[in-house]
Every structure is written in C-alpha cells, then in structure tokens.
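Written below as structure tokens is the structure these notes are about.
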Amino acid sequence: MKHVDLLNDFLRDTVNLNDTRVSELETSTEAIKNAIRSSSWDPHINGWGEHGSWAHSTIIRPVDGGEFDADLLVFVEHVDGWSAATYIESLYSALRKSDTYKNKVSRSSHCITITYANERKVDIAPCITNRTIFNQLEVCNRHIDQFERSEPLLYTQWLVEKNGFSGNNSFRKVARLFKFLRDIKTRFTCPSILLTTLLALFIDEADRGTNGFTDTPTTLKTVFGRLDDWLQANVTKPRVSNPFLTTENFAEAWDDDQYATFREKIHQYRDWIDDAFGEQDRSESIAKWRRLFGDDFASTVVLEEGKSVGKSLVALFKASTVEARQFTGDLVDAIRRFGSGVLPDNFNRKPYMEAPTWRSAAQQIPVQVRANLHRNKYGTQRVGSVSSLEPLPAGHWLHFSAVTNTGLLFDTSNYKVMWRVTNTDEAAAKANALRGKIEKPENDNSRWEQLQYRGIHLVEAFVVSRRDDRLIGKSEAFRVMIE
C-alpha cells in the first residue's frame with residue numbers, strides 16, 4: 001500500500017527542515033550578506049545565490065538533531081592580480097574582524113563557513129564572473145590555488161525542470177527521503193550532489209503525467225527501481241558527469257568499495273520499497289515502510305492503534321451480534337465468554353511490528369512455538385505447558401521454544417532463533433511497552449517473558465540459517481492472554 005498521507009506527514013514532521021529553522025537560516029544569511037557588504041573585502045559584488053540542497057529544495061532536517069548545512073554563493077567581479085586562494089583568505093580575514101563572526105568563522109578548500117553551534121553552518125563560496133570569458137563562472141580552490149569552472153545556476157535549473165517532469169513536487173520529496181534514508185541507515189556513502197544527480201538522471205520529459213509518477217510513494221518506487229536497474233547493470237563504478245561540465249565526474253567521490261556497498265544497499269532497499277508498496281494488508285504495509293524509514297514513520301498512528309486494540313475489537317464485536325450487545329467487559333473478558341472468534345483474522349498483524357530484514361531461503365520449513373508456564377525465571381517451579389489464548393495470571397513467566405513440526409529443537413550450531421514479542425492494548429501502552437521488535441534468544445535459542453500487562457500479546461519465532469543468514473522458517477503467532 002502507498003500510504004500517501006502517512007508519507008506526506010512523515011516528510012512534514014520528520015524529514016523536512018521545519019519552518020522555524022528555514023526562517024532562522026534566511027535571517028542569518030541576510031545578516032551575513034550585510035556584514036560582507038560592509039566589510040573591507042575588496043571584490044565588487046554582483047549578487048548572491050542559494051546553492052546546493054538549499055537551492056534545490058532538497059535540504060533535510062539532521063537526523064541527529066544537530067547542525068544542518070546551507071550553501072551561499074557570492075558572485076563577484078575578478079580582481080586583477082588576485083589568485084584563487086586570495087578570495088577565500090581575504091574573505092576569511094574580513095569576517096575575522098567582525099565582532100559578530102570572528103569566533104564563528106572558519107575556512108576550507110572552496111569556502112568560508114559561519115557556524116551557529118548546534119543549529120546550522122552556512123558555507124559562503126566566492127564565485128568569480130568574467131575572469132577570462134564573459135559570463136563564465138568559476139569557484140576558488142584554496143588548497144591548490146586554482147580557479148575551477150562551475151555552472152551552479154544551470155544545474156539548479158536542470159533540477160527544477162526534472163521536478164516539473166515528476167509532478168507534485170515529487171522529485172524533491174524523493175530526494176529528501178533518499179537523503180534521510182542514507183543518514184538514518186548509515187549503511188552507504190553518497191555525497192548529496194552525486195545522489196541528487198543520480199535521481200535526476202532517471203526522470204525525463206516523457207514521464208510527465210504518467211502512472212509511474214502519480215504521487216510521492218509511486219515516484220519513489222519508480223525512481224528507485226530505475227536506479228537499481230542501472231546499478232545492477234554496472235558492476236564496476238561508472239562515470240556520473242555533471243550535465244553541464246562533462247569534465248567533472250561526481251562519482252570520483254566514491255572508491256570501489258563504497259560503490260559496491262551503495263550498489264548492494266540500493267538493491268536491498270528497492271526490494272523493501274517494492275514489498276511495502278505491494279503489501280495489501282494495511283498493518284503489514286506500515287510495518288514494512290517502517291523497516292525502511294524507521295520508527296518515526298506513522299508513529300502517531302501506530303501508538304493510537306496499539307493502545308486501542310481492545311476497545312476497537314469489542315466495539316466491533318458488540319455491533320456484530322445480538323447476544324453481544326449487552327456485553328460490558330474488555331477484550332480478555334470477551335474471549336473468555338465468547339471464544340477466539342472475537343479476534344479478526346488480521347489480529348496477528350500490527351503496524352508497529354518490526355519487519356524482518358533477512359532474505360528468505362528458497363526452501364521454507366514449518367516452525368511451531370511451544371510455551372511452558374513457570375513461577376519464576378530460570379526456576380525449577382514449572383507449572384506446565386500452555387496453549388495459545390489460554391488465560392494466564394500476571395506475574396508468572398513463560399518459557400518459549402521453537403520446534404519443527406516433529407517437535408525437534410533447532411540445533412544452535414546451525415540455526416539461530418530470533419523472537420518477535422508484540423504487546424497490545426491499553427495497559428501495555430500506558431507503561432510505554434508496546435513492543436514489537438525482533439529480539440535475540442537465550443543461549444539455547446529459547447526466550448523467557450514475564451506476564452505483565454492485561455491483554456492479548458503475540459510471540460513469534462524466526463529461524464535463521466547461520467551459514468548464509470537466510471530465513472528458513474517463521475512460526476504463526478502464539479497468542480498470550482494475560483488476565
């Protein structure tokens with residue numbers, strides 16, 4: 001499922017740079033411009049321009065809550081006798097004389113940087129006009145003291161055009177989501193200019209108004225698919241040229257290992273996107289999108305649905321039969337009185353369940369969960385075996401084991417059994433315990449869980465081969481009912 005609204009909410013609330021920080025950025029850059037104009041810096045200023053992610057409208061909120069970067073170009077006339085390094089050094093010296101910026105300014109190869117601690121960094125890069133050829137733009141490399149051709153305005157216009165082809169501002173949204181994915185997963189390296197260029201290469205005018213670009217999740221699926229196809233066709237690192245300066249190869253930022261990792265991870269994430277997009281069960285689909293983008297995706301929806309499971313199901317059940325209309329208990333009471341038919345077929349699927357990341361083996365084997373009740377953890381006071389949905393007292397412990405359909409345990413030397421324990425309903429929600437993560441077993445592949453929160457909870461076993469880290473089997477959910 002696409003979940004257009006949830007994805008747009010995620011962009012607004014988590015990914016996009018919030019309006020307050022954008023406003024503060026605009027205020028601070030105006031102050032920087034005024035400071036440079038009134039400083040002792042010699043070049044004649046022709047104008048200013050946003051650059052990079054700021055200009056491209058693909059800037060995102062830092063995932064660690066720290067500083068974000070914004071780039072500002074200052075277009076100046078060439079000063080006779082100045083080398084490339086002089087522009088950077090002289091601008092740095094001019095701002096060092098400012099009481100406002102002297103402790104905030106630093107310099108690097110192509111720019112000077114104003115740092116507002118824990119908020120933002122503004123990189124100011126001199127861009128030289130008309131040094132040798134009319135209207136030719138050049139930036140300054142301080143480290144090697146050379147001028148370098150640049151076409152920032154044409155590149156930005158190219159991205160604006162690509163965004164128009166995609167419709168609904170979806171290219172920019174997809175670029176932000178891609179950057180967020182890079183930053184939150186930290187599994188691959190890809191500089192923003194390279195990443196944005198790669199995405200733009202796979203959108204053209206023929207895509208305008210087509211089915212592959214109807215909304216943001218569809219555009220994400222389409223562009224990711226095209227990028228993955230291209231990467232799989234290029235086993236070794238390809239060239240990714242600046243469309244307006246073909247001598248500039250953005251892919252030089254990668255070494256061969258970084259490219260191989262990028263290629264592998266995009267292939268994996270493409271599978272996850274296709275899986276989440278194609279999943280028809282709402283809860284399963286949300287869980288699969290959360291596998292991609294993390295727990296901030298649909299977080300409010302997940303919390304509300306998790307804590308209201310019992311009330312929602314009892315209300316539906318009471319409306320379905322004459323016998324149940326006068327019922328006044330909760331979900332546990334309803335099951336004790338009317339049986340397991342109170343639970344819908346999709347009860348075992350919750351949107352806050354962590355979706356597995358293992359690739360499935362071609363051959364799957366049946367897996368079952370067995371549970372034994374104990375008075376204490378690791379103790380000898382075993383009460384007995386229990387069945388799914390058997391009423392159980394709070395305070396006791398359950399010991400879970402995963403077995404084959406013939407009752408054999410899985411050999412720990414060849415298999416690891418991972419467990420997903422999912423709590424539901426109001427009591428668990430109030431204790432901030434709506435679990436659903438996949439967790440490690442004991443040394444013997446089993447799992448101990450204490451019975452704490454009234455409601456119906458779920459325990460599942462995932463059997464993974466140690467040889468190739470493939471999922472070879474998954475159990476049905478064991479339903480634990482705590483009174």
Discussion item. Take the conditions basic (Lys, Arg) and either modelled with pLDDT of 95 or more or within 25 Å of the chain's Cα centre (by Cα) (or both) and apply them to Arg420. Does it pass?
Written reply: yes
Fill in: Checklist (1) of a type in the set (A, V, I, L, M); (2) touching a helix residue (DSSP H, G or I) at 6+ places or on another chain (Cβ under 6 Å); (3) farther than 30 Å from Ser312 by Cα applied to Leu434, failing item
(3)
Worksheet item: When both residues are 6+ apart or on different chains and their Cβ atoms are under 6 Å apart, which pairs have a first residue that lies in segment 155-174 and is in contact (Cβ under 8 Å) with a residue 60 or more places away in the chain and more than 15 Å from Thr219 (Cβ to Cβ), and a second that is surrounded by 17 or more Cβ atoms within 10 Å (Cβ to Cβ) and among the aliphatic types (A, V, I, L, M)?
Response: Thr156/Ala55
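Condition check ((1) without any contact (Cβ under 8 Å) to a residue 40 or more places away in the chain; (2) touching a strand residue (DSSP E or B) at 6+ places or on another chain (Cβ under 8 Å); (3) under 23 Å from Leu159 (Cα atoms)) across all residues:
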{"position": "Leu245", "(1), (2), (3)": "no, yes, yes"}
{"position": "Tyr259", "(1), (2), (3)": "yes, no, no"}
{"position": "Phe262", "(1), (2), (3)": "no, no, yes"}
{"position": "Ile266", "(1), (2), (3)": "no, no, yes"}
Discussion item. What's the number of the only condition in (1) farther than 12 Å from Ala355 by Cβ; (2) open to solvent by less than 40 Å² (accessible area, probe 1.4 Å) that Glu305 fails to meet?
Written reply: (2)
Worksheet entry | Criterion: part of a loop (DSSP other than H, G, I, E, B), closer than 29 Å to Leu195 by Cβ and open to solvent by 50 Å² or more (accessible area, probe 1.4 Å) - qualifying residue of Asp257, Asp271, Asp275, Asp296 | Asp296
Item to complete: Tell me, please, whether a residue that is in contact with an Asp or Glu (Cβ under 8 Å, 6 or more places away or on another chain), farther than 30 Å from Arg12 by Cα and touching a residue at least 40 places away in the same chain (Cβ under 8 Å) can be found in segment 217-225.
Response: no
Worksheet, complete the sentence: Heads up, the strands (runs of 3 or more DSSP E) in segment 372-483 (entirely inside) with at least 1 residues that are open to solvent by 20 Å² or more (accessible area, probe 1.4 Å) and among the hydroxyl-bearing types (Ser, Thr, Tyr) are 382-386, 397-403, 415-422
Worksheet item: Checking Ile365 against (1) modelled with pLDDT of 95 or more; (2) within 39 Å of the chain's Cα centre (by Cα); (3) open to solvent by 70 Å² or more (accessible area, probe 1.4 Å), which single condition isn't satisfied?
Response: (3)
Practice prompt. Scan (1) modelled with pLDDT under 95; (2) under 16 Å from Pro126 (Cα atoms) for the single condition Tyr87 breaks and write down its number.
Written response: (1)
Practice prompt. Evaluate segment 39-58: report whether one residue or more is among the small types (Gly, Ala, Ser), surrounded by fewer than 14 Cβ atoms within 10 Å (Cβ to Cβ) and assigned to a strand (DSSP E or B).
Written response: yes
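Report yes if Val63 is more than 16 Å from Thr113 (Cβ to Cβ), open to solvent by less than 60 Å² (accessible area, probe 1.4 Å), in a loop (DSSP other than H, G, I, E, B) and of a type in the set (Val, Ile, Thr), otherwise no.
Working: more than 16 Å from Thr113 (Cβ to Cβ): yes; open to solvent by less than 60 Å² (accessible area, probe 1.4 Å): no; in a loop (DSSP other than H, G, I, E, B): yes; of a type in the set (Val, Ile, Thr): yes.
No; evaluated as a whole, the condition is false for this residue.
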Worksheet item: Of all residues in segment 427-479, which are closer than 24 Å to Leu303 by Cα, of a type in the set (Val, Ile, Thr) and touching a Gly at 6+ places or on another chain (Cβ under 9 Å)?
Response: Ile456
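The values are calculated or read from the model by the stated rules, or taken from the named source; none is laboratory data. Predicted, not measured: the structure shown is a model, and the values here were computed from it. Please note: Cβ atoms are built from the backbone with ideal geometry, for glycine as well, and neighbour counts cover all protein chains shown. For the accessible areas, the whole protein counts, side chains as well, though only heavy atoms, and no ligand, DNA or RNA atoms are used. Shrake-Rupley method; radii C 1.70, N 1.55, O 1.52, S 1.80 Å.
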